[in-house]
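A short worksheet on the structure shown next.
Just so it is clear, none of the values below were taken in a lab; they were calculated from the coordinates. On a predicted model such as this, the values are computed, not experimentally measured, just so you know. Counting neighbours? That spans all protein chains shown, and the Cβs are built from the backbone with ideal geometry, glycine included.
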Amino acid sequence: VLASLPLQMMLYFNVYYFPVWCVAEGMMLQLKYHLLPQHYQFLLVAAFLILSLAEGSRLYLGYMGNLQEK
């Protein structure tokens with residue numbers, strides 16, 4: 001079984017676009033944070049952190065798994 005080139009290309013570009021998404025989402029969160037009720041503030045920050053950690057883990061595991069053919 002060989003490594004998937006299309007998957008590797010998508011992961012490669014996603015690794016470079018992920019920080020752009022994080023910065024844009026962080027800026028939007030900062031801009032609207034004070035306008036929201038407190039429970040929405042908590043939910044937004046929690047969702048942002050969970051999505052960021054999940055996406056970073058997914059990219060790392062996909063990158064390593066595809067290169068090591070797992």
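Once both labels are positioned 7 Å from their Cα atoms along Cα-to-Cβ, the gap between Q8 and M64 label points is 1.8 nm.
By the equivalent-ellipsoid construction on the alpha carbon gyration tensor, the chain comes out with semi-axes of 33, 12, 6 Å, ordered largest to smallest. Relative to the longest principal axis of the Cα atoms of the chain, helix 38-67 runs at roughly 10 degrees.
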